[in-house]
Amino acid sequence: MIIFEIYTILFLSFWILFFMRISILSMSVRLLDKIETSKWMNKNFPGVSIIVTACNEESTIESALTSLLNMDYPDYEVIAVNDRSTDKTAEILKKLSKKYKKLHVLHIKTLPEGWLGKVHALDCGVKKASKKWMLFTDADVHYSESALKKCIIHSELNNLDHFTVAPRMTAGSFLLKIMFRTFSFMFIFIAKGIPEIFRKNIAVGVGAFNLVRKQTFDKTEGFPWLKMEVADDVGLALMFKRAGAKTDFAFSIMEIQVAWYHSFMEMVRGLEKNIFGVSTGYKLGKAYIDQLLSILLFCSIPAAAFSDNPVIILMLALVLFFLVLSAFIHFLRFNESFTASLFVPFGFILLTFINLRAGILCMRNGGIRWRGTFYKIEELKASQRVRTSF
């Protein structure tokens with residue numbers, strides 16, 4: 001009985017602190033949609049090179065690029081890097097390049113030894129970039145007409161070197177909404193909730209939108225430093241942090257959107273390539289421990305409901321209060337599903353399950369397959385730069 005009470009009190013304490021922290025942090029997160037553009041009315045806009053990498057993106061690339069090419073921004077180019085696509089991506093890019101003079105298409109036929117496909121494509125795009133700023137984005141991200149203006153204005157006025165934006169993630173199923181809210185809560189906590197003493201190797205970067213000052217980028221190690229890094233977006237942010245650059249991040253409500261995954265199982269398969277390495281450093285035992293801890297964390301909430309200990313009952317009430325409060329704030333600030341946010345504790349179990357499954361597959365196969373290429377686990381571990389586990 002004593003062991004049960006200690007277990008319940010310990011894990012309920014975590015939930016109280018976590019959701020209380022999320023409630024506070026969510027109120028202070030910057031929203032891209034709220035950035036004012038009036039202060040920039042009489043100034044020239046700097047040039048921007050937008051680098052979009054694509055591998056077999058025929059279902060999304062036309063609409064995504066069209067949203068980019070129709071933005072209300074005076075000086076920018078779009079560099080689309082076709083990374084060995086075998087579908088109709090090349091045909092779509094050819095058609096769009098005839099229509100839009102701002103679109104420049106680069107085709108990659110072969111992958112050099114010792115490089116991940118996407119990182120190599122990003123590196124090739126950088127070599128073609130000619131503007132003051134570079135924006136790294138994906139082939140399924142959609143932009144409003146004013147999105148780039150707001151980002152550049154914020155970056156220039158605050159003298160930033162790196163600005164990243166978490167896009168609005170559209171979801172069809174309720175289960176997917178739970179997972180997106182879980183990622184959102186974790187992103188806020190990692191970005192703003194971890195004490196500075198633990199932040200030496202922690203940086204915030206989002207593949208959907210990483211805006212960087214080219215002059216500062218040229219002072220970093222560049223993509224060769226990340227050539228085998230599966231979390232290239234976070235790795236990019238880490239490079240800028242190592243260079244002492246000034247960075248910032250924001251959330252987007254409507255300005256930038258992406259249908260990250262269309263189903264839960266698509267997410268499970270999609271995260272096979274990177275979640276295991278980033279979260280555990282390719283250590284399967286760590287994945288098992290994370291799965292066990294997430295189950296214990298989740299079970300502490302229903303277990304407390306059967307306790308007659310007044311301290312535990314009070315703590316359960318506080319957990320539920322701060323869970324509802326964080327969900328409500330998330331709904332008000334980000335216009336996200338209130339109900340789905342209430343299931344974030346369950347989302348942790350699902351996330352660690354995805355991680356454990358990815359780990360088992362990675363260890364069984366001896367590596368991962370990404371963009372049609374197999375990468376051995378020894379190669380990935382030797383060149384790993386990003387780890388969120390600590």
- Query: When segment 169-195 is examined, which residues are found to be within 15 Å of LEU350 (Cα to Cα) and crowded, with 20+ Cβ neighbours inside 10 Å?
  - Reply: LEU176, LYS177, ILE178, MET179, PHE180, ARG181, THR182, SER184, PHE185
- Query: Does LYS127 fit the bill of being at pLDDT 95 or above, in contact with an Asp or Glu (Cβ under 6 Å, 6 or more places away or on another chain) and in the same structural domain as GLN215 (by TED's automatic domain parsing)?
  - Reply: no
- Got a number for residues in segment 249-267 being among the charged types (D, E, K, R), in contact with a Leu (Cβ under 7 Å, 6 or more places away or on another chain) and surrounded by fewer than 16 Cβ atoms within 10 Å (Cβ to Cβ)? 0
- Message: Residues that are more than 22 Å from ASP75 (Cβ to Cβ) and out of contact with any strand residue (DSSP E or B) (no Cβ under 8 Å at 6 or more places or on another chain): does segment 150-169 have at least one?
- Response: no
- Residue among LYS131, LYS98, LYS118, LYS94 that is outside any loop (DSSP other than H, G, I, E, B) and under 25 Å from PHE240 (Cβ atoms): LYS118
- Mind telling me which of the residues LYS381, LYS376 ends up being among the basic types (Lys, Arg) and either surrounded by 14 or more Cβ atoms within 10 Å (Cβ to Cβ) or touching a Phe, Trp or Tyr at 6+ places or on another chain (Cβ under 7 Å) (or both)? LYS381
- Message: Taking the criterion of being touching a residue at least 12 places away in the same chain (Cβ under 8 Å), aromatic (Phe, Trp, Tyr) and part of a strand (DSSP E or B), would at least one residue in segment 141-151 satisfy it?
- Response: yes
- Item | Residues located in segment 328-338, provided they are in a helix (DSSP H, G or I) and touching a residue at least 60 places away in the same chain (Cβ under 8 Å) | ILE329, HIS330, ARG333, PHE334
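Can you tell me which residue within segment 16-38, out of those that are polar (S, T, N, Q) and under 23 Å from the mean Cα position of the chain (by Cα), is surrounded by the most Cβ atoms within 10 Å (Cβ to Cβ)?
SER26
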- Query: Right, GLU36: out of contact with any Cys (no Cβ under 6 Å at 6 or more places or on another chain), part of a loop (DSSP other than H, G, I, E, B), in the same structural domain as PHE251 (by TED's automatic domain parsing) and among the acidic types (Asp, Glu) or not?
  - Reply: yes
- Item | Of residues in segment 81-91 being outside any loop (DSSP other than H, G, I, E, B) and either in contact with a helix residue (DSSP H, G or I) (Cβ under 8 Å, 6 or more places away or on another chain) or among the small types (Gly, Ala, Ser) (or both), the one surrounded by the fewest Cβ atoms within 10 Å (Cβ to Cβ) | ALA90
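For a quick check of your reading: which helices (runs of 4 or more DSSP H) sit entirely within segment 231-313 and have at least 3 residues that are more than 24 Å from ASN201 (Cβ to Cβ), touching a residue at least 60 places away in the same chain (Cβ under 8 Å) and assigned by TED's automatic domain parsing to the domain that holds SER13?
On the way: elements: 232-242, 264-270, 275-280, 284-304.
Qualifying helices (runs of 4 or more DSSP H): 284-304.
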- Task: Would you be able to say whether some residue in segment 353-367 is within 28 Å of VAL29 (Cα to Cα), surrounded by 15 or more Cβ atoms within 10 Å (Cβ to Cβ) and at pLDDT 95 or above?
- Result: yes
- Item | Filter result for the condition that a residue is assigned by TED's automatic domain parsing to the domain that holds LEU320, at pLDDT 95 or above and either surrounded by fewer than 19 Cβ atoms within 10 Å (Cβ to Cβ) or within 25 Å of the chain's Cα centre (by Cα) (or both), over SER67, SER49, SER63, SER13 | SER13
- Task: Consider THR220 carefully, then state whether it is out of contact with any strand residue (DSSP E or B) (no Cβ under 7 Å at 6 or more places or on another chain), assigned to a loop (DSSP other than H, G, I, E, B) and among the hydroxyl-bearing types (Ser, Thr, Tyr).
- Result: yes
- Query: Has segment 346-362 got at least one residue that is small (Gly, Ala, Ser) and not in a helix (DSSP H, G or I)?
  - Reply: no
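The values are calculated or read from the model by the stated rules, or taken from the named source; none is laboratory data. These figures come from a predicted structure and were not determined experimentally. Here the Cβ is made from the backbone with ideal geometry for all residues, glycine too, and neighbour counts use every protein chain on show.
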